[in-house]
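The values are calculated or read from the model by the stated rules, or taken from the named source; none is laboratory data. Because the structure is predicted, anything quoted here is derived from the model rather than measured. Cβ atoms come from the backbone with ideal geometry, glycine included; neighbour counts cover every protein chain shown.
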């Protein structure tokens, strides 16, 4: 049983060191920081602007939807790059399995992308296109 304690003793030392260091840094920052609050800091926003409306207004859910879609499609790259690196280390049978696994993974992401496109999740400018005049951005030659 003492062998198990010996194995985890290094982790315990590391955790204790991290706790002591974090408490020390936090204590020093409280000790040496400027604690006097002025009127600007006590205002509604630190930028100095008064709020225009109530902060409890409805928020457009498209911001969250685009953030989730970005995370999903960004994670694709984090899975594909290590796969590409480790592909050279595999033998033939494992390489074929890894190839079809990543093909299935990319296929499922493409299906999800097509679904998000068809639902209209990626159409941000749909509501603004009718009222915006693009003629000043593109020369007359292209109209």
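Selection over the range 82-104 of residues that are surrounded by 11 or more Cβ atoms within 10 Å (Cβ to Cβ) and outside any helix (DSSP H, G or I) gives a count of 1. Among residues that are modelled with pLDDT of 70 or more and either over 30 Å from residue 100 (Cα atoms) or not in a helix (DSSP H, G or I) (or both), residue 63 is included.
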